[in-house]
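Structure first, then comments.
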Amino acid sequence: MKFFRLLTLVGILSFVSRPATGQNEMYGGITFENLTYNKSSFYSIGTDIYAPFGDRFTLNYSFKLGFSKDNSFAFHSSVSTLLGSYLLALNGNYPGIATLGLICLAIPEGVGMYMGPDGQALHLSVNPLGMDYFSAGDFTQEYVGMSCSAVARVHYKLKSHFPSYITPMVGLYYRYKKTTFNEQYGIRLGVSFGVASRNVNSGASIQELFQ
């Protein structure tokens, strides 16, 4: 219940917070992440993409591969990405399926919202359409199912010749289906290094961030 209360709080903030300025830009980054449960954890690498709509809202997409210390394997993506890829693979046998596949690829994993100034913006997101695959090191235990996460990120725009960012993040993870393989709840910690579609004058240098 605490998890769903957090989701409600994020939704309320999206309507009562003041608008952020200058956030309507495409962002894509390489993300390093740790998903920690009560007794285990996974380390993953992948990509996060935030497509803008309006002045401060985003459509969120992600794709990650991960491993744990006991050689367990993890894969994360959005449900629509997997379904769209499957439909595109069937295109040769079923006319018109490719169009449906492209539509599925456009469906996001979740939505987000920027708050604060452009150079150092807080980004809150809720991602209810995640899909996860977990496997034990010897493949004797496997899990495939949907997941949800609520994530807070701080986008630090760096002073450089191109629009670059460093983005630390923290969030809560919830698996819809109970399983004996890992727990149903987890904590996400990570950092993303990425670029955006345009540059602005605001921002900070790496040295300024650690002063």
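No value in this document is a laboratory result; all are computed from the given coordinates. Keep in mind the model is a prediction, meaning the values are calculated, not measured. For neighbour counting, all protein chains shown are included, and Cβ atoms are generated from backbone atoms with ideal geometry for every residue, glycine included.
Worth a mention:
- 37 °C / 0.692 mPa s Stokes-Einstein diffusion coefficient of region 33-137, Kirkwood radius on C-alpha pairs, µm²/s: 211 µm²/s
- When you filter the chymotrypsin sites (Phe, Trp or Tyr not before Pro) in region 51-102 for DSSP loop state and at most 15 other Cβ atoms inside 10 Å of their Cβ, nothing is left.
- Set of lysines near Lys39 by C-alpha distance (under 16 Å), chain-local residues within fewer than 8 positions excluded: Lys69, Lys178
- By definition, a body whose alpha carbon gyration tensor gives a ≥ b ≥ c is prolate when a/c is 1.5 or more and a/b is larger than b/c, and region 125-170 fits this prolate description.
- Pairs of Cα atoms nearer than 8 Å and 6+ residues apart set the relative contact order; for region 46-176 it is 20 percent.
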